[in-house]
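Report on one structure; see the data block that follows.
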Amino acid sequence: MARQSNEAFFWVMFSAGGVVAALLIPVQLFLFAIAFPLGWLPAPSYEHLMALVRLPLVRIYLFVLCCLSLFHWAHRFRYTLYDGLQVKHLNEIIFTLCYGGAVIGTMVAAYLLWTIA
Amino acid sequence: MEMAETITLEIARYSPEQDTAPHFQSFEVPVHKEWVVLDALNHIKDREDGTLTYRWSCRMGICGSCGMMVNGEPKLTCATFLADYATKGSKIRVEPLRYFPVIRDLVTELGDFLGKLKKVKPWLIHPSQAPLSQGEFLQTPAQLERYKQFSMCINCTLCYAACPVFGLDPIFVGPAALALAQRYNMDSRDQGSGERIAVLAHPDGIWGCTFVGECTRVCPKHVDPAGAIQQYKLTAVFEWLKSFITPKGQDI
Amino acid sequence: MGAVKPETIRVEYAEFHPRWYRPPVSVYWWLKQRQYLTFILRELSSVFVALFVVMTLFQLWALKKGPEAYAQFQQWLQSPLVIALSIIGLFFVVFHSITWFNLTPSAMPVRLGGKRLPAFLVAAPSYVAWAVVSAIVAWLVLR
Amino acid sequence: MVHLDLRHLGEKLINARLPFVRELCLKYQNVDPVKELIPVRPVVHYMMGGVSTDINGATPLAGLFAAGEVACVSINGANRLGSNSLPECLVFGARAGKAAALYASERPAPNGPLQALVLDERKRLESEFLHKSGGRQRIATIRGEMQATMEKSAGIYRERNLLEEGAGQLRELQERYRDIQLDDRSRTFNTELESALELGFMLDVAVSMIECALHRTESRGAHQRTDYPARDDGTFLAHSLVFRNSDGSSRVEYQPVTITRWPPGERVYGQARQEQQH
């Protein structure tokens, strides 16, 4: 049942990431990558953002968002590669690259959020 | 739009004794308001070409044998009217259901599918046989409602012809078989979910499904196999979590 | 437990059972049908989800380095190429949200009194939550 | 053509009370009962009667077992009550399968002479069907005429003249059947060959039905002789068994019905039914 357990775990991470990404990413992407750079809305100051990031709750929030979203990507992208490019025979490499990428990204997020304040 | 009096059917022909690949043959058939694609095929077989080969039986959406690709879409040909395609100059392309090996003309090989059906144990599993005197296993309307939708499947395999996951790797257990397993898992009279989980919660079972959703869209009986599979994924996760708190040896 | 072996692999050729034709599946199968293309685009939205995380990580890194680094980061975000990518990204992540919320009722049916709730009633709370959460995030950032 | 008119009920009532009738009409016949007439006609729903078997599916011919719609175990007299096909399949299918397996396991494998017989039959089928050329009669034409004949002569209401006329037409169709045209020479999924063999059998069954109906000078269940409207339990409380004589002709014999719990009664409706129940 080892493989079943893996799949169940990855699917839970994928689903949780799907929910988090669906609820949170559009607004953040819109604000930080479109509205502020284009001057549609006044961009928050460096100090304001630092004050926010110093709050432990905000740091936990950002960590969860990054981690789950990355696992969401890893799972979906893995299957898209299988199906879209018909490369299921490269299973092991794809598996390692996708989930490995998610793990590394999560570690980077943890490091940055731990050391930022 | 004006309905044409006749329409051209382009039918995929494959004779395993002579051909290495299918080719198309055109037939002109009359269009009547009540004629379905299957009527046109029967018209051709009866009057023009007795070698045209296809499966059919009940002619009313119950037997599930007349599924074919009609203009690239998996359809029950007994419920697909010529008139819906019959504008002037239009053609209807009839092919065997996609992703299956073809035995001849429009006939697909079903051995693999039937094997998968059997694998998910689609019958009521009850540990003890109750004596006849105890009467029937009763069920409330609410209990029936939980699985009724999944029980409407007629095994027409349209959902497999719609499923790219199955098309890319036929090892995938596939929509109808997984939905049928869920039909029994959700039945209050069944206690066999523990016996099915090994086949279902497997990389070639539910975890292979990427929720394309095409199976549900093409299902002529509104079974919603895609929904059944996602619902089972949640169940499988709970079973997986439960395996941490149940003592070892009681593997699910 | 062994894998489910497709029966089609073990073919016995016999007098009454000659060659089966196995139609090949094109590498471009996802271009052959509108619904397939929509599916692949939905799955590819995850790439933009990941790119967003990468952007956020850069943002945190810049914040950590100090005001100058953050100003540089902001400037980078203003370059036309990044703006274009952001707009495409926004399209994809919104597409992800909508498809995700719309598929929820099918994956998690809600039953009340022995009857399944209609799909839109199950999906509606997701959209409400989306709006509320977005408003809170915007308020926190813009305050 | 007879039509059923539901239009006076209106869309609302049809949707509320007859949703499946409307769906059936729309989905398979392209007819909307809200706006159009529904064509109706009697059809054969189930084959009443069949190969006579015992409760293990064994036929009088040793080694031949039958189950399902082809068989007649006679669990309910003339064999048609609602959902009889279900026990037919679930109960007698299983019993026949087990009995056939047991029969085969207890006997030696087919010997030389038997295999030679099988080979002869195969050769006959090949020469008469698979390699047949020059036929002029299409399967569908003969089948269609047979259906029309049976509809007219052996439908719900029957009488001597029509039955005899039908018997004559069937003899003619059997003659024409020898001249059928076959296009398909393939050994793979040959549905034309199947239809041809099936048609021959159907003609045999049709002849048997007419034969029995002619002999049964009474009315009972689905067999209504307008020239003999009364039921005659004295003579005909029995199954008709048709046998083929060595010269190809058929003869009808009778097998008495075993009555267990429910003796046959008269089926009446309305006021008469209420009176019968009291």
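The values are calculated or read from the model by the stated rules, or taken from the named source; none is laboratory data. Predicted model, so just to flag it, every value in this text is computed and none were measured. FYI the Cβ positions are ideal-geometry reconstructions off the backbone, even for glycines, and counts take in every protein chain you see.
One table, with the values for the structure above:
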| read-out | value |
| --- | --- |
| One residue from A:Ile25, A:Ile60, A:Ile94, A:Ile34 being modelled with pLDDT under 95 and not hydroxyl-bearing (Ser, Thr, Tyr) | A:Ile94 |
| Selection count, region A:100-117, where residues are surrounded by fewer than 20 Cβ atoms within 10 Å (Cβ to Cβ) and either assigned to a helix (DSSP H, G or I) or more than 7 Å from chain C (Cβ to nearest Cβ) (or both) | 12 |
| Test: residue in region C:29-43 that is crowded, with 17+ Cβ neighbours inside 10 Å, within 8 Å of another protein chain (Cβ to nearest Cβ), over 30 Å from B:Gly72 (Cα atoms) and not β-branched (Val, Ile, Thr) | no |
| Residues of region C:71-98 classified as of a type in the set (Phe, Trp, Tyr) and crowded, with 20+ Cβ neighbours inside 10 Å, total | 1 |
| Any hit, region A:36-46, residues being assigned to a helix (DSSP H, G or I) and buried (at least 20 other Cβ atoms within 10 Å of the Cβ) | no |
| Residues (closer than 18 Å to C:Leu103 by Cα and away from chain A (no Cβ under 14 Å)) located in region B:173-212 | B:Pro175, B:Ala179 |
| Complete set of residues in region B:63-78 that are facing another protein chain (nearest Cβ under 10 Å) and within 21 Å of D:Val43 (Cα to Cα) | B:Cys78 |
| Selection count where residues are surrounded by 17 or more Cβ atoms within 10 Å (Cβ to Cβ), in a helix (DSSP H, G or I) and in contact (Cβ under 8 Å) with a residue 24 or more places away in the chain, scope region D:222-242 | 0 |
| Test: D:Ser219 is more than 15 Å from the chain's Cα centre (by Cα), buried (at least 18 other Cβ atoms within 10 Å of the Cβ) and in the same structural domain as D:Tyr157 (by TED's automatic domain parsing) | yes |
| Inter-residue pairs, beta-carbon under 7 Å, first outside the structural domain of D:Ile142 (by TED's automatic domain parsing) and surrounded by 19 or more Cβ atoms within 10 Å (Cβ to Cβ) and in region D:161-189, second in a loop (DSSP other than H, G, I, E, B) and of a type in the set (Ser, Thr, Tyr), 6+ apart | none |
| Some residue of region D:55-67 being under 26 Å from B:Ile62 (Cα atoms), free of Cβ contacts under 8 Å to residues at least 60 places away in the same chain, outside the structural domain of D:Glu211 (by TED's automatic domain parsing) and not charged (D, E, K, R) | yes |
| Top-ranked residue in region C:66-118 [being among the polar types (S, T, N, Q), in a helix (DSSP H, G or I) and free of Cβ contacts under 8 Å to residues at least 24 places away in the same chain; ranked as farthest from A:Phe32 (Cα to Cα)] | C:Ser106 |
| Per-region count, region B:1-34, residues surrounded by fewer than 20 Cβ atoms within 10 Å (Cβ to Cβ), more than 8 Å from chain D (Cβ to nearest Cβ), part of a loop (DSSP other than H, G, I, E, B) and touching a residue at least 24 places away in the same chain (Cβ under 8 Å) | 7 |
| B:Phe100 vs. criteria at the interface with chain C (Cβ under 10 Å from one of its Cβ atoms), over 30 Å from D:Cys25 (Cβ atoms), in a helix (DSSP H, G or I) and modelled with pLDDT of 95 or more | no |
| Hey, C:Phe101 crowded, with 18+ Cβ neighbours inside 10 Å, under 16 Å from the mean Cα position of the chain (by Cα) and within 14 Å of chain B (Cβ to nearest Cβ) or not | yes |
| Tally, over region B:40-66, of residues that are closer than 20 Å to D:Arg185 by Cα and assigned to a loop (DSSP other than H, G, I, E, B) | 8 |
| Failed item in (1) of a type in the set (Val, Ile, Thr); (2) closer than 16 Å to D:Leu197 by Cα; (3) under 19 Å from the mean Cα position of the chain (by Cα), with D:Thr141 passing the rest | (3) |
| Considering residues of region B:79-97 that are more than 10 Å from every other protein chain (Cβ to nearest Cβ) and out of contact with any helix residue (DSSP H, G or I) (no Cβ under 7 Å at 6 or more places or on another chain) only, the residue modelled with the highest pLDDT | B:Arg93 |
| Enumerated helices (runs of 4 or more DSSP H) restricted to region B:160-252, each holding at least 2 residues that are out of contact with any helix residue (DSSP H, G or I) (no Cβ under 8 Å at 6 or more places or on another chain) | B:193-200, B:225-245 |
| Verdict on B:Leu117 being surrounded by 14 or more Cβ atoms within 10 Å (Cβ to Cβ), within 14 Å of chain C (Cβ to nearest Cβ), part of a loop (DSSP other than H, G, I, E, B) and of a type in the set (A, V, I, L, M) | no |
| Hey, B:Leu41 buried (at least 20 other Cβ atoms within 10 Å of the Cβ) and more than 30 Å from C:Trp30 (Cβ to Cβ) or not | yes |
| Residues that are within 20 Å of A:Leu65 (Cβ to Cβ) and away from chain B (no Cβ under 13 Å), drawn from region C:104-126 | C:Ser126 |
| Meets criteria (more than 22 Å from B:Cys78 (Cα to Cα), within 14 Å of chain B (Cβ to nearest Cβ), in contact with a helix residue (DSSP H, G or I) (Cβ under 8 Å, 6 or more places away or on another chain) and at pLDDT 90 or above) for D:Lys27 | no |
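Every residue, every condition in (1) farther than 19 Å from B:Arg104 by Cα; (2) out of contact with any strand residue (DSSP E or B) (no Cβ under 6 Å at 6 or more places or on another chain); (3) in the same structural domain as B:Asn155 (by TED's automatic domain parsing), yes or no:
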site: B:Trp35; (1), (2), (3): yes, yes, no
site: B:Leu38; (1), (2), (3): no, yes, no
site: B:Asn42; (1), (2), (3): no, yes, no
site: B:Trp56; (1), (2), (3): no, yes, no
site: B:Gly67; (1), (2), (3): no, no, no
site: B:Gly72; (1), (2), (3): no, yes, no
site: B:Thr77; (1), (2), (3): no, no, no
